[in-house]
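Below is one structure, written out as structure tokens; the observations come after it.
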Amino acid sequence: MENTLTLSLMMLFLALHPGFPGVGGRKEDPHAEANGKKRAPTIHVSDTKGGRCAYTFIVPQQKLTGALCVSTAPEAAAATATANRSEVASLRAELGRQQERLEKLRAQLERDGSLAAEVRALRQESNAMNTRVTQLYAQLLHEVIHKKDQALEQRRVENLLLNATTQALQVSSNFRELEKKYGALTSMMTSQNLFIARLEKQCQCGNTTSAPPVTPEPARSRSQAHSNDSSEAAGDMSNDVQRDQSAPPSQDDKPVERTSVPMTTASTPTDHPFISFPITKTPGPWRDCQHALDSGETTSGIYLLRPQSTNRLLQAWCDQTSAEGGWTVIQRRQDGSVNFFRTWEQYKQGFGNLDGEYWLGLEHLYWLTKQTHYKLRVALEDWQGRQVFAEYDSFYLEPETDWYRLRLGEYQGTAGDSLSWHNNKAFTTLDRDKDGYSGNCAHFQKGGWWYHMCAHSNLNGVWYRGGHYRSRYQDGVYWAQFHGGAYSLKRVSMMIKPA
């Protein structure tokens, strides 16, 4: 600052005296300014002895805080310039270093900013993950509670299944006991029928004036024991699935009453014994009921038949009045007196009462339909008295090796076609499952039939009184095209004759 003040004063002096050559006779070097070298102004005290004038400068007083140095040597000025240049260079170097540090700080700030953004993003993601974890925990807790509920429900269902299995086993054992009782009753009735037949022969061959044979005491006791057993069996079988609770009493005893020998006195002639089949012109046997009709037998009843190519004798009911007659009845339902929930062997050989409800037998059907081309007629009647029928122009069965498979022809009639769905299907019973269903249709339909999956018709099902019935399964005597599967028909018969 002192140098600047000195230079300012010298410039002021030179401006006031433009022709002044210099102090002490010395001139300024005109090339010095051109060469960029300024000489420091010097103040010399004039010599009064040389006859030169002396000047006195009045300079305003300056408030200087430091010493006022005037350089009078060029080396000092050069050193000052060099010092200034070095200071400027050092300042520039320092400025460069500061700028570098500033750039570094900016770069670091940018990195720190990106790191801060990443930290914020990570914090948001962490919050989202915490929320998701909370949701998953709640869902897991719900699933655990649901699994516990399912485990409880599964145990409950297992207990119910176990109870149902126990009940099924108990019912099965009861059914086997009833089958044993039924077999015992059947054998007892057979023996009594034989005994009654012997009595009838004695009545026919005996003298009309002689006293009728008296039934011996053991026979009476046996008959009484049979009646007791029959009543007990009827009581045991009151819960049978095949019998309706409101159905009339069993007709097992009716043949005994019909064939019982009337007690006669010596003054009255012996009556002819009651027989369930008509007195025919020829004793037979016939090939079928059409053969009997062609032979002049026009009365409906039980006829003795023997199919061709076999020595098998069988009895069947011949309907000689319906649809021009000649029909061999192979199945009939009318009062629910016969249980149709039977085994394979029973359906094969046949069962029931020929003048009531019965099934002719699959083996007999096979041999009958093997003789010639047969047709089938199904007669149906509901509880309002309406009668309809269904006829099929072809009907025969395959042998037992093919499970008595059904072969049907074309349908015609007024009942609707509910049997063609069973065409080409094997016969199924409670102990022979040959249907297309995963379970046994015979167990659900309570009968034997050519089941498919399962039935559009079930003529061997449970005979329910009154038509519409309530049951867990459709197990009634139904024809789906006639009142549907929840309606049990009143009367049903299946008949065949040569086409």
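Would you confirm, using the coordinates I've provided, whether Ala379 is within 18 Å of Ile330 (Cβ to Cβ), of a type outside the set (S, T, N, Q) and buried (at least 20 other Cβ atoms within 10 Å of the Cβ)? Please lay out each step first, then the result.
Numbers: within 18 Å of Ile330 (Cβ to Cβ): yes; of a type outside the set (S, T, N, Q): yes; buried (at least 20 other Cβ atoms within 10 Å of the Cβ): yes.
Yes: the conditions hold for Ala379.
Does Leu109 fit the bill of being assigned to a helix (DSSP H, G or I), without any contact (Cβ under 8 Å) to a residue 40 or more places away in the chain, open to solvent by 80 Å² or more (accessible area, probe 1.4 Å) and closer than 30 Å to Thr343 by Cα? Explain how you work it out, then say what you get.
Working: assigned to a helix (DSSP H, G or I): yes; without any contact (Cβ under 8 Å) to a residue 40 or more places away in the chain: yes; open to solvent by 80 Å² or more (accessible area, probe 1.4 Å): yes; closer than 30 Å to Thr343 by Cα: no.
Judged against the criteria, Leu109 is not a match.
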task = Answer yes or no: is there a residue in segment 332-339 that is within 20 Å of Lys375 (Cβ to Cβ) and either outside any strand (DSSP E or B) or at pLDDT 95 or above (or both).
result = yes
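Can you tell me which residues in segment 364-391 are of a type in the set (Phe, Trp, Tyr) and either touching a residue at least 40 places away in the same chain (Cβ under 8 Å) or more than 23 Å from Leu305 (Cα to Cα) (or both)?
Let us first name the residues in segment 364-391 that are of a type in the set (Phe, Trp, Tyr), namely 366-367, 374, 383, 389.
Once the filter is applied, which keeps residues that are of a type in the set (Phe, Trp, Tyr) and either touching a residue at least 40 places away in the same chain (Cβ under 8 Å) or more than 23 Å from Leu305 (Cα to Cα) (or both), segment 364-391 yields Trp367, Tyr374, Trp383, Phe389.
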task = Spot the failing condition for Ser471; the list is (1) at pLDDT 95 or above; (2) surrounded by fewer than 24 Cβ atoms within 10 Å (Cβ to Cβ), and only one is missed.
result = (1)
task = Can you tell me which residue among Leu293, Leu314, Leu305 is open to solvent by less than 50 Å² (accessible area, probe 1.4 Å), farther than 25 Å from Tyr404 by Cβ and in contact (Cβ under 8 Å) with a residue 24 or more places away in the chain?
result = Leu293
message = Exactly one of these conditions fails for Gln412: (1) in a strand (DSSP E or B); (2) touching a residue at least 60 places away in the same chain (Cβ under 8 Å). Give me its number.
response = (2)
ask   = Is there a residue being without any contact (Cβ under 8 Å) to a residue 60 or more places away in the chain, open to solvent by 10 Å² or more (accessible area, probe 1.4 Å), within 41 Å of the chain's Cα centre (by Cα) and under 26 Å from Asn424 (Cβ atoms) anywhere in segment 324-332?
value = no
request  = For segment 447-461, enumerate the residues that are out of contact with any Lys or Arg (no Cβ under 6 Å at 6 or more places or on another chain), open to solvent by less than 10 Å² (accessible area, probe 1.4 Å) and of a type outside the set (Gly, Ala, Ser).
outcome  = Trp449, Tyr451, Asn458, Leu459, Asn460
message = If Leu354 meets every condition in (1) open to solvent by 10 Å² or more (accessible area, probe 1.4 Å); (2) within 40 Å of the chain's Cα centre (by Cα); (3) of a type in the set (A, V, I, L, M) apart from one, which number is that one?
response = (2)
request  = Considering (1) modelled with pLDDT under 90; (2) surrounded by 10 or more Cβ atoms within 10 Å (Cβ to Cβ); (3) not hydroxyl-bearing (Ser, Thr, Tyr), say which one Gly50 fails and leave the rest.
outcome  = (2)
ask   = Looking at (1) closer than 19 Å to Val338 by Cα; (2) open to solvent by less than 10 Å² (accessible area, probe 1.4 Å); (3) modelled with pLDDT of 95 or more, can you tell me which one Tyr464 breaks?
value = (2)
inquiry  = Could you check segment 419-466 and list, in sequence order, the residues that are within 14 Å of Ala480 (Cα to Cα) and of a type in the set (Ser, Thr, Tyr)?
reply    = Ser420, Tyr451, Ser457
task = Could you check, for segment 380-401, whether at least one of its residues is over 25 Å from Ala415 (Cα atoms) and assigned to a helix (DSSP H, G or I)?
result = yes
query = Ser418 is checked against (1) farther than 20 Å from Tyr358 by Cβ; (2) at pLDDT below 95 and fails just one. What number does that condition carry?
reply = (2)
task = Kindly indicate whether any position in segment 431-440 is over 27 Å from the mean Cα position of the chain (by Cα) and part of a loop (DSSP other than H, G, I, E, B).
result = yes
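Checking the conditions here, which among Leu178, Leu136, Leu140 is over 30 Å from Asn353 (Cβ atoms), open to solvent by less than 90 Å² (accessible area, probe 1.4 Å) and at pLDDT 85 or above?
Numbers: Leu178 fails: over 30 Å from Asn353 (Cβ atoms); Leu140 fails: open to solvent by less than 90 Å² (accessible area, probe 1.4 Å).
Matching residue, one of Leu178, Leu136, Leu140: Leu136.
The values are calculated or read from the model by the stated rules, or taken from the named source; none is laboratory data. As the structure is a prediction and not an experimental result, all values here were calculated from the model. All Cβ positions, even for glycine, are placed from backbone atoms using ideal geometry, and neighbour counts span all protein chains on display. For the accessible areas, the whole protein counts, side chains as well, though only heavy atoms, and no ligand, DNA or RNA atoms are used. Shrake-Rupley method; radii C 1.70, N 1.55, O 1.52, S 1.80 Å.
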